[in-house]
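Peer 1: Dumping the structure here so I can ask a few things about it.
The values are calculated or read from the model by the stated rules, or taken from the named source; none is laboratory data. Owing to the predicted nature of the structure, the values given are computational and were not obtained by experimental measurement. FYI the Cβ positions are ideal-geometry reconstructions off the backbone, even for glycines, and counts take in every protein chain you see. Areas reflect the complete protein model, heavy atoms only, side chains present, ligands, DNA and RNA absent. Shrake-Rupley method; radii C 1.70, N 1.55, O 1.52, S 1.80 Å.
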Amino acid sequence: MKPMYINGRFTVGRAKEMIPVINPATEEVLDEVPRGTAEDVHEAVAAAKHAFPEWSRTPATVRAGLLHEAASLMKSHAEELTHLLTEEEGKPFVENEEEVFWTYDTFHYYAELARHERGRFLPPGDPDQINFVIKEPYGVAGCIIPWNFPLLLLAWKLAPALAAGNTVVIKPSELTPLSTLRLIELAFDHLPPGVVNVVTGYGPEAGETLVRHPDVPIIAFTGSVETGQRIASIAAPMMKKLHLELGGKDPMVIAPDVDIEMAVRGAAYAGMLNAGQVCTSTERLYVHESIYGRFSEELADFVGKLRLGSGLDPDTDVGPMIRNRFREKVEGQLAEATNLGGQILIGGKRPQQPAKGYFFEPTVIVNVNHQMALMRDETFGPVLPLMPYRDFDEAIRLCNDTRFGLGASLMSHDAKLVKRFFDNVKAGTIWINDPLTDNFAGPFGGMKMTGGGRELGQEGLDEFLEVKHVHWDVEGKIKEYWYPYGE
Ligand code: NAD
């Protein structure tokens, strides 16, 4: 059993039950964590509230040093964390090595960024006046994390929240809490008690208690649209600051001028990374009609050769899905699509091998349209559906025909098409010949139903700071425009 972390202590709190954590590649129980209760959340929030005044007054340079130290501790245990992440989440070891690297690097990045500036000085409205803007931390930040990148998406919240001077209560996904608890154990012991707390448990129980808590003024959440809507409906009447990163249905457009081998490999990577369980997975492919036939064949051929297996096997390209219910959702979308005329070129079913684990064959499907749930709703599985387009206006219209707006990719060397694409596609990230890359100096987030939050870059730090404008008349004279008006 791995205990929670509240007020600097590892504890089972008031939990009466344990939640088993399952390895999705073997279906075996890896370990268990406490099913945190409302009282545990209250205790964690009280500890974070108590720690806030001192932590927020700690000089930014000192906080930076402490966060660099945390990052170095993560780095020195990178192999162990990568192994645990692979067992718990399932994606290949190399993808988890990347996740752990980006995780500790996020702490280095925000340690420095947060000591750089804290507001701005304004030209005064009057010669005796001083005007300035202060950015200050909110207080206790509630961070609710999904399972698909448990450490990275935690780091994108925890690092800026702490660097800005907030204290934090984390609610990891009940599917992947182990790597979070180990990360906290390894790397945050040197912080004052209460600055970081972790309550494990279920969303409607521990998660909602955190959202409802009057002493938590900001909720940073990554997860599904449905949970985001539920959180928003609870937090809105309390006027809480919401930082929401929700689902996607990202398109990729293949222009006629591309090198087909490059485009095939890029599309396969963007669709199959983490078995398609990435918020920015390519879930819709629009291919120019002049190359549609050749592109579909080559893509199916390439995808059919990807090797399914345990993430711990170095030969594995694609790991399992996280749980059977997510695989069933993919099967349901494919069943509807094929009933309506969709044609599966490769994959489309559970593999014979590996026999255990929540595996699903990497799939390419054609003859699809926007009436199908497969092209409208998030799939979150290893499926690439393809549609042909005639001209670039049609491609842009198809890209925008969605309620989501997270990312969008274009494969083209034609500068005019590139400009039309980034000018007209409504998405928070645009990738040209470069799908699913991150640059921590720039913002990541979505438009439309994906929620308007931004992580990374200055924007990702500003989400955890609120703004105060100070007007100061240093002389303090009586103003001629004060009462009475008649004089
Ligand atoms: P989820 O919404 O089911 O759960 C996310 C977290 O919310 C978990 O910790 C869960 O326990 C908690 N939760 C559930 N119900 C809650 C409630 N009522 N109140 C408070 N907390 C609650 O999502 P998931 O299945 O863990 O993650 C997959 C989803 O996350 C996908 O939709 C994916 O697109 C999205 N995602 C988005 C981004 C992004 O940056 N936009 C990144 C990764 C994943």
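Peer 1: For region 319-351, how many residues are in a helix (DSSP H, G or I), aliphatic (A, V, I, L, M) and within 16 Å of the ligand (Cβ to nearest atom)?
Peer 2: 1
Peer 1: Let me ask you something else. Residue check: is residue 232 buried (at least 16 other Cβ atoms within 10 Å of the Cβ), among the small types (Gly, Ala, Ser), without any contact (Cβ under 8 Å) to a residue 40 or more places away in the chain and within 11 Å of the ligand (Cβ to nearest atom)?
Peer 2: Judged against the criteria, residue 232 is a match.
Peer 1: Any idea which residue in region 305-334 is nearest to residue 82 (Cα to Cα), counting only those that are open to solvent by 10 Å² or more (accessible area, probe 1.4 Å) and among the hydrophobic types (A, V, I, L, M, F, W, C)?
Peer 2: 312
Peer 1: Okay, next question. Mind checking which residues of region 20-41 are more than 16 Å from residue 87 (Cβ to Cβ) and surrounded by fewer than 18 Cβ atoms within 10 Å (Cβ to Cβ)?
Peer 2: Within region 20-41, 38, 39 qualify.
Peer 1: Shifting gears a bit: Could you tell me which of the residues 475, 463, 459 is in contact (Cβ under 8 Å) with a residue 40 or more places away in the chain, among the acidic types (Asp, Glu) and surrounded by 15 or more Cβ atoms within 10 Å (Cβ to Cβ)?
Peer 2: Testing whether each residue is in contact (Cβ under 8 Å) with a residue 40 or more places away in the chain, among the acidic types (Asp, Glu) and surrounded by 15 or more Cβ atoms within 10 Å (Cβ to Cβ) leaves just 463.
Peer 1: Could I ask something else about it? Of all residues in region 186-202, count the ones that are near the ligand (Cβ under 8 Å from one of its atoms) and either surrounded by fewer than 20 Cβ atoms within 10 Å (Cβ to Cβ) or among the β-branched types (Val, Ile, Thr) (or both).
Peer 2: So the count comes out to 1.
Peer 1: Quick one: count up the residues across region 156-172 that are among the polar types (S, T, N, Q) and either within 14 Å of the ligand (Cβ to nearest atom) or within 17 Å of residue 460 (Cβ to Cβ) (or both).
Peer 2: Number of matching residues: 1.
Peer 1: Now for a separate question. Surrounded by 16 or more Cβ atoms within 10 Å (Cβ to Cβ), over 15 Å from the mean Cα position of the chain (by Cα) and not β-branched (Val, Ile, Thr), is that true of residue 448?
Peer 2: yes
Peer 1: Suppose we keep only residues that are over 22 Å from residue 25 (Cα atoms) and within 29 Å of the chain's Cα centre (by Cα) within region 278-299. Which one would you say is nearest to the ligand (Cβ to nearest atom)?
Peer 2: By that ranking, first place goes to 280.
Peer 1: Then there's this: Of the conditions (1) over 25 Å from residue 402 (Cβ atoms); (2) outside any helix (DSSP H, G or I); (3) of a type in the set (Gly, Ala, Ser); (4) out of contact with any Gly (no Cβ under 6 Å at 6 or more places or on another chain), residue 201 clears all except one; give me its number.
Peer 2: Condition not satisfied by residue 201: (4).
Peer 1: Just to check your reading of the model, which residue among 365, 478, 396 is in the same structural domain as residue 346 (by TED's automatic domain parsing), over 27 Å from residue 328 (Cα atoms) and out of contact with any Cys (no Cβ under 8 Å at 6 or more places or on another chain)?
Peer 2: That would be 396, the only listed residue that is in the same structural domain as residue 346 (by TED's automatic domain parsing), over 27 Å from residue 328 (Cα atoms) and out of contact with any Cys (no Cβ under 8 Å at 6 or more places or on another chain).
Peer 1: Follow-up question, since we're still on this one. If you check 293, 247, 276, which single one turns out to be in contact (Cβ under 8 Å) with a residue 60 or more places away in the chain and more than 19 Å from residue 437 (Cβ to Cβ)?
Peer 2: Going through 293, 247, 276 in turn, just one is in contact (Cβ under 8 Å) with a residue 60 or more places away in the chain and more than 19 Å from residue 437 (Cβ to Cβ): 247.
Peer 1: Out of 175, 153, report the one residue that is in contact (Cβ under 8 Å) with a residue 60 or more places away in the chain, within 23 Å of residue 241 (Cα to Cα) and either within 16 Å of the ligand (Cβ to nearest atom) or of a type in the set (S, T, N, Q) (or both).
Peer 2: 153
Peer 1: From 390, 397, grab the single residue that is open to solvent by 60 Å² or more (accessible area, probe 1.4 Å), under 24 Å from residue 299 (Cα atoms) and touching a residue at least 40 places away in the same chain (Cβ under 8 Å).
Peer 2: Just one listed residue meets the conditions, 390.
Peer 1: Report, by residue number, each residue of region 210-227 that is part of a helix (DSSP H, G or I), open to solvent by less than 30 Å² (accessible area, probe 1.4 Å) and over 26 Å from residue 136 (Cβ atoms).
Peer 2: The one that is part of a helix (DSSP H, G or I), open to solvent by less than 30 Å² (accessible area, probe 1.4 Å) and over 26 Å from residue 136 (Cβ atoms): 225.
Peer 1: Name the residues in region 235-258 that are away from the ligand (no atom under 11 Å from the Cβ) and assigned to a helix (DSSP H, G or I), would you?
Peer 2: Passing the criteria: 236, 237, 238.
Peer 1: Tell me, please, whether a residue that is open to solvent by 10 Å² or more (accessible area, probe 1.4 Å) and on the phi > 0 side of the Ramachandran plot can be found in region 358-375.
Peer 2: So far as region 358-375 goes, yes, one or more of its residues are open to solvent by 10 Å² or more (accessible area, probe 1.4 Å) and on the phi > 0 side of the Ramachandran plot.
Peer 1: Being more than 30 Å from residue 318 (Cβ to Cβ), open to solvent by 50 Å² or more (accessible area, probe 1.4 Å) and hydrophobic (A, V, I, L, M, F, W, C) narrows it down to one residue among 46, 111, 51; which is it?
Peer 2: Selected residue: 46, the only one of 46, 111, 51 that is more than 30 Å from residue 318 (Cβ to Cβ), open to solvent by 50 Å² or more (accessible area, probe 1.4 Å) and hydrophobic (A, V, I, L, M, F, W, C).
Peer 1: If the Cβ limit is 6 Å and pairs must be 6+ apart or interchain, which residue in region 31-42 that is in the same structural domain as residue 15 (by TED's automatic domain parsing) pairs with which residue that is open to solvent by less than 30 Å² (accessible area, probe 1.4 Å) and assigned to a helix (DSSP H, G or I)?
Peer 2: Short answer, once both residue conditions are applied: 31/178; 36/206; 38/209; 41/206; 41/209; 41/210.
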